[in-house]
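The values are calculated or read from the model by the stated rules, or taken from the named source; none is laboratory data. A quick note: this is a predicted structure, and the numbers were derived from the prediction, not measured. Positions of Cβ are generated from backbone atoms using ideal geometry, with glycine treated the same way; all protein chains shown enter the neighbour counts. Accessible surface areas use protein heavy atoms only, side chains included; no ligands, DNA or RNA. Shrake-Rupley method; radii C 1.70, N 1.55, O 1.52, S 1.80 Å.
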Amino acid sequence: MNPYELTTKTLYLPGDHIELRGWTKKHDAYVGIYTFDDLPRAMQAFDEIDGEDALDLYLCLNPTTLEPRPFRAGAKGTWEHEVRYRRWFLLDGDTVTADKHIATDGEIARTIATMRAAKGWLIEQGFEQVVLANSGNGVHLVVRCDLPNDRDSKQLIRCVQNAVAKRFSDDHTKVECFADSNRIVRAYGSLNRKGTERPGLSWRRSEIVES
């Protein structure tokens, strides 16, 4: 299974409408809405674009109510009230680096260890599905919740996120919390082009590590 299929089948269900969002190095924004079956092909196509217009690709973590439409510049993305329901929420393990944007292999490895420990703790608390993903420059936990998209659910998620952040943030990992239902995440499988490459510090491909 290629990484785009793995991402689609891990995070979404047949019938879902999924937002794919991209930015160029010139900060031009693109948005397209795809169905479950179309998304892997779309991600593959846009990830292969090279040169100055290469795209950093992101996904709206929860399914959108917006209708499918082509990927284009300046298109409207999903607002919170347009999310169908909350299937997942995000914990973002931001790697604390000497370089502001690109982490070393050692820094990423330490952050993976921290977030894997956080994953274990969440499972001990009763969360049955926790995806561990490398964003290319940090580490994500994508946590299954199955909640309505309402104010009470948002507050509940915020409480869980804050508990994890307080317990697991340390000198090399800052656990960041985002309770918005339309949160975007790296399109796992795509290349993270954030920051400027230099000897010893290169862009990395994002991936789902444990699904």
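Is there any pair with a first residue in the stretch 106-118 that is farther than 16 Å from V160 by Cα and a second that is open to solvent by 60 Å² or more (accessible area, probe 1.4 Å) and of a type in the set (G, A, S) whose Cβ atoms are under 9 Å apart and which are 6 or more apart or on different chains, and what are they?
E107/A98
Out of the residues in the stretch 9-53 that are of a type in the set (S, T, Y) and within 16 Å of F71 (Cβ to Cβ), state the one that is least open to solvent (accessible area, probe 1.4 Å).
Among them, the one singled out is T24.
To keep it simple, each residue is scored yes or no on (1) at pLDDT below 95; (2) touching a helix residue (DSSP H, G or I) at 6+ places or on another chain (Cβ under 7 Å).
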site: A118; (1), (2): no, yes
site: E124; (1), (2): no, no
site: E128; (1), (2): yes, no
site: L132; (1), (2): no, yes
site: N137; (1), (2): yes, no
site: H140; (1), (2): no, no
site: S153; (1), (2): no, no
site: C159; (1), (2): no, no
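Give me the residue from the stretch 171-210 that is small (G, A, S) and either at pLDDT 85 or above or open to solvent by less than 60 Å² (accessible area, probe 1.4 Å) (or both) and, out of that set, farthest from the chain's Cα centre (by Cα).
G195
Which of the residues spanning the stretch 73-113 are of a type in the set (V, I, T) and surrounded by fewer than 18 Cβ atoms within 10 Å (Cβ to Cβ)?
Result: V96, T104.
Would you call V96 of a type in the set (V, I, T), on the phi < 0 side of the Ramachandran plot and more than 17 Å from the chain's Cα centre (by Cα)?
yes
Conditions: (1) buried (at least 18 other Cβ atoms within 10 Å of the Cβ); (2) not in a strand (DSSP E or B). W121 meets all but one. Number of the miss?
Every listed condition holds for W121 apart from (1).
Check Y30 against each of (1) touching an Asp or Glu at 6+ places or on another chain (Cβ under 9 Å); (2) of a type in the set (F, W, Y); (3) within 24 Å of T196 (Cβ to Cβ) and name the one condition it does not meet.
So the condition that Y30 fails would be (1).
Hey, any hits in the stretch 103-112 for a residue that's part of a strand (DSSP E or B) and over 30 Å from D150 (Cα atoms)?
No, every residue in the stretch 103-112 fails to be part of a strand (DSSP E or B) and over 30 Å from D150 (Cα atoms).
Out of the stretch 126-148, which residues are without any contact (Cβ under 8 Å) to a residue 24 or more places away in the chain and either farther than 22 Å from L59 by Cα or buried (at least 23 other Cβ atoms within 10 Å of the Cβ) (or both)?
G126, F127, E128
Which residues, taken from the stretch 34-80, are assigned to a strand (DSSP E or B), over 24 Å from K194 (Cβ atoms) and not hydroxyl-bearing (S, T, Y)?
Of everything in the stretch 34-80, those that are assigned to a strand (DSSP E or B), over 24 Å from K194 (Cβ atoms) and not hydroxyl-bearing (S, T, Y) turn out to be R69, P70.
Does the stretch 1-28 hold any residues that are assigned to a strand (DSSP E or B) and modelled with pLDDT of 90 or more, and which are they?
H17, I18, E19, L20, R21, G22
Could you give me the residue pairs with C-beta distances under 6 Å whose first residue belongs to the stretch 68-83 and is within 18 Å of D28 (Cβ to Cβ) and of a type outside the set (D, E, K, R), whose second residue is part of a loop (DSSP other than H, G, I, E, B) and open to solvent by 60 Å² or more (accessible area, probe 1.4 Å) wherever it lies, and which are 6+ apart or on separate chains?
Correct list of pairs: A73/D28.
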